[in-house]
Amino acid sequence: MDKLNLTLTAVKNLRANVRQCFEHLADGTDGEGVDESRNKFVYDFQDRFGAINSQLREVEQLINGLQVPPTAYHLGNTTFLAQETSQDRQALYPQLVNSYKWIDKVHDHSFLAFNNLNQNTLRRSYNYCSQKRQRLPFSSFNNDPDHIEKLLSEINHPPHTFYKVFRPFGSNAVAMVTISNVLKAAIVFKGVLIEWVTIKGYDEQLDHEDLWAESRYEVFRKVQEHAHSAMLHFFSPTLPDLAVKSYVTWLNSHIKLFLEPCKRCSKYIANGLPPTWRDLRTLEPFHEECRNS
């Protein structure tokens, strides 16, 4: 099996180099300094062609070194698929291979997610203390009933931005934010701490019965994902008022969601979406693909 894997790897490298050689031929010369450019192009092609010849000889040597196995390779229960005579069932094997690769990839991603979640010590709702210390009351839950309204009124919000606070869950408030004709947001509080955020389009219904339903538009579902990331970033149990003001200021920066280009690529649309990410410090717009590049 090791020799077979080595041979298959050599064949794969040979195919890649051949493809690169043809791409080099298709690109041609750059047209500047005709003689010099042509000579450089010929020398590059000769180097690539020589590398392909050497790899071809290597592949031939590896193939000649292979031996016919005395028995068929053990493929488990998949060997029974070769006995099928129906045309509909003969295509099961490639589908089975693709399914196996997909499951293997899901297993790897799940393992990485498990390790990352175990390392995450962030707790948004409660103040965890050592067992040797007496738990102190968390003042972020005990506030004036009108504290959220006062807090939102102190924020410098852009024009055509409105806040409406109601309490469908008793003392805990829900702030309905309407940002111009762009989007609506529902911010669920527990005391002064932000527990959940729902983002929807301006033309979508958003009330206390739809707090947990996602938007039917992909762009606002993406904005909601970023809003949850920003919610964790601005979380501060020691300065909850500042955390709320900073978060709402970040949320208000989406007023030009469809009007501002990406600061990285200067494009308005990428992969069918506008710049949905706002920098947490500068509030500049970025596409999701451009913010980490």
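The values are calculated or read from the model by the stated rules, or taken from the named source; none is laboratory data. Source: prediction; values computed, not measured. As a convention, Cβ positions derive from the backbone with ideal geometry for all residues, glycine included, and neighbour counts pool all protein chains shown. Surface areas here come from the heavy atoms of the whole protein model, side chains and all, with no ligands, DNA or RNA. Shrake-Rupley method; radii C 1.70, N 1.55, O 1.52, S 1.80 Å.
One table, with the values for the structure above:
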| read-out | value |
| --- | --- |
| Condition broken by Asn292, with the remaining ones in (1) open to solvent by less than 60 Å² (accessible area, probe 1.4 Å); (2) of a type outside the set (Asp, Glu); (3) in a loop (DSSP other than H, G, I, E, B) satisfied | (1) |
| Selected residue (only one of Ser253, Ser229 is in a helix (DSSP H, G or I), open to solvent by 40 Å² or more (accessible area, probe 1.4 Å) and either on the phi > 0 side of the Ramachandran plot or among the small types (Gly, Ala, Ser) (or both)) | Ser229 |
| Test: residue in segment 94-102 that is at pLDDT below 65 and part of a helix (DSSP H, G or I) | no |
| Condition check for Glu218: open to solvent by 20 Å² or more (accessible area, probe 1.4 Å), assigned by TED's automatic domain parsing to the domain that holds Ala175 and at pLDDT 90 or above | yes |
| Which listed residue is of a type in the set (D, E, K, R) and open to solvent by less than 40 Å² (accessible area, probe 1.4 Å), from Arg264, Arg278 | Arg278 |
| Yes/no for His208 being at pLDDT below 90, closer than 27 Å to His147 by Cβ and either open to solvent by 20 Å² or more (accessible area, probe 1.4 Å) or in contact with a Pro (Cβ under 9 Å, 6 or more places away or on another chain) (or both) | yes |
| Filter pass, Leu242 being surrounded by fewer than 17 Cβ atoms within 10 Å (Cβ to Cβ), modelled with pLDDT of 90 or more and farther than 21 Å from Thr276 by Cβ | yes |
| Subset of segment 32-68 (residues that are in a loop (DSSP other than H, G, I, E, B) and either open to solvent by 100 Å² or more (accessible area, probe 1.4 Å) or over 30 Å from Lys3 (Cβ atoms) (or both)) | Glu32, Gly33, Gln67, Val68 |
| Selection count, segment 260-293, where residues are touching a residue at least 12 places away in the same chain (Cβ under 8 Å) and of a type in the set (Ser, Thr, Tyr) | 2 |
| Failed item, numbered, when Ser236 is tested on (1) within 20 Å of Ser180 (Cβ to Cβ); (2) in the same structural domain as Ala185 (by TED's automatic domain parsing) | (1) |
